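Novice: This structure is in structure tokens; I'll ask about it shortly.
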2 protein chains.
Amino acid sequence: MKHAINQKPDYEKELRKAGVRITRPRRIILDILTSTEDHPDAMKIFHRAIEIDDSISLSTVYRTMNLLEEMGAIHRHAFNGGPSRFEQAHGEHHDHLIDVDTGDVIEFQSDKIEKLQEEIARALGYDIIHHRLELYGRKSKRPE
Amino acid sequence: MKHAINQKPDYEKELRKAGVRITRPRRIILDILTSTEDHPDAMKIFHRAIEIDDSISLSTVYRTMNLLEEMGAIHRHAFNGGPSRFEQAHGEHHDHLIDVDTGDVIEFQSDKIEKLQEEIARALGYDIIHHRLELYGRKSKRPE
DNA sequence: AATGCAAATGCGAATGATTTGCAAAAAGAA
DNA sequence: TTCTTTTTGCAAATCATTCGCATTTGCATT
């Protein structure tokens, strides 16, 4: 089991290649996404964005998130059924451990679990398209 | 790995014990919940309910679902970020495989995966409060 | 640098799921 | 049956998100 680490890919190039225009709002949103460690929701992204340019609208944030999601540049999560929270799709797949007290998100990856999931789906006659594994936990008092 | 099977617990007794009144709407909703195999959302429950008593309101469905959830009698899921879907909290814990084409939900349970999750959380210094594992898949063409 | 046009934006209104306020109705105890 | 408290139905409010549309902007082309 390993932690994921953050990378900073050049999205502008990718967007251009996909025939998508590089606008000021998009540049700003992309910047926020690539420079954050957390998993902000649309409203949080919006607030960070208007600090840089107060003409950006919430709709544009939503539209940009949808665009980036379709391009595979970000992932969308709905922890606890709350509003969607986003993260850049850096490197390897990983799952999430959410701190129920703080809302913090810790990323982890386990090949064993991935393999088990495949086996289970196969046994039920299915191919996995994608999956979601979320652990909701609280910092343990006991020594690790 | 095993499938979960359906049981029909006596919720009225439980509700009474919790000091909650047994009303006509609640009885009807409870009946729907205990006699269904699927994981209906509030709207679906509402429609089934007004077939039995057309004076039941959607708010009451929502209120009842919240009540039952707090009592631990049902579980709430937000597959794919869609509307909440409910199921009675029968017997053992289980996870879900969602058929992306039909929306069908298959329940399964794997001790191995549960154990792995515990290990991972412990390694990260957390105790698991609860978790969510959803596999989104498509019926496989290949022989099982 | 100026032009043209499709793509993107901001705004506000629309949508879908869910919650809430409140007066009227029903449940359960006395 | 009466009383008190909980629940209900209804309509309006809220929250997250999307949409319509007139206006602006990116950028390929003169």
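Readers should treat all values here as calculations from the given coordinates under stated rules, not as data from a laboratory. Keep in mind that what you see is a predicted model, and the values were worked out from it rather than measured. Positions of Cβ are generated from backbone atoms using ideal geometry, with glycine treated the same way; all protein chains shown enter the neighbour counts.
Novice: Under the 0.36 nm per residue contour assumption, what length would be gained going from the current alpha-carbon distance of B:Lys139 and B:Met43 to full extension?
Specialist: 31.8 nm
Novice: Okay, helix-only estimate at 222 nm for chain A: each DSSP H run of n ≥ 4 adds -39500 (n - 2.57), divide by all residues, round to 500 deg cm²/dmol; what do you get?
Specialist: Roughly -11500 deg cm²/dmol at 222 nm, from the helical runs in chain A.
Novice: Turning to a different aspect of this structure: In the stretch B:33-70, whose amide N lies under 20 Å from the spot 7 Å out along Cα-to-Cβ of B:Thr102? List them in ranges.
Specialist: B:35-41, B:44-45
Novice: Please report, for the Cα atoms of the stretch B:11-88, the Rg to one decimal and the Dmax as a whole number; what are they, in angstrom?
Specialist: My reading of the Cα-based Rg and Dmax gives 11.8, 35 Å.
Novice: A further question follows. Fully extended, how many nm does the chain gain between B:Glu114 and B:Leu58 (0.36 nm per residue separation, minus their Cα-Cα distance)?
Specialist: 16.5 nm
Novice: Still on this structure, please answer the following. Taking a point 7 Å out from Cα toward Cβ as the label site, list the nm distances between B:Ser140 and the same residue in every other copy, smallest first.
Specialist: Result, one decimal in nm: 3.3.
Novice: Of A:Lys115/B:Lys115; A:Lys44/B:Lys115; A:Lys139/B:Lys115, which ones are farther than 24 Å apart at the Cα?
Specialist: A:Lys44/B:Lys115
Novice: List the trypsin sites (Lys or Arg not before Pro) within the stretch B:39-144 that DSSP assigns to loop and that have no more than 16 neighbouring Cβ atoms inside 10 Å.
Specialist: B:Lys141
Novice: So, one more: Over the protein assembly as shown, what portion of Cα pair distances is larger than 33 Å, expressed as a whole percent?
Specialist: 35 percent
Novice: From the label point of B:Asp53, set 7 Å from Cα along Cα→Cβ, how far away are the matching label points in the other copies, in nm, ordered shortest to longest?
Specialist: Label-point distances to the other copies, shortest first: 5.7 nm.
Novice: With charges only on Cβ, +1 for K and R and -1 for D and E, what is the dipole size of the stretch B:95-137 about its Cα centre, in debye, rounded to 20?
Specialist: So the magnitude is around 260 debye.
Novice: Now for a separate question. How much of the calculated P(r) for the stretch B:13-144 lies past 25 Å, in percent of all Cα pairs?
Specialist: 38 percent
Novice: Suppose R0 equals 30 Å. What FRET efficiency, 1/(1 + (r/R0)^6) with r the Cβ-Cβ distance, do A:Ser84 and A:Ile22 give to the nearest 0.05? Walk me through the numbers before you get to the answer.
Specialist: Details: r = 24 Å, r/R0 = 0.79.
Efficiency, rounded to the nearest 0.05: 0.80.
Novice: With charges only on Cβ, +1 for K and R and -1 for D and E, what is the dipole size of the protein assembly as shown about its Cα centre, in debye, rounded to 20?
Specialist: Details: 44 positive and 52 negative charges, 70 e Å.
So the dipole magnitude of the protein assembly as shown works out to roughly 340 debye.
Novice: Below 8 Å, C-alpha to C-alpha, sequence gap of six or more: please give me the relative contact order for the stretch A:11-88 in percent.
Specialist: On the way: 68 pairs, mean separation 23.0, N = 78.
Contact order relative to length: 29 percent.
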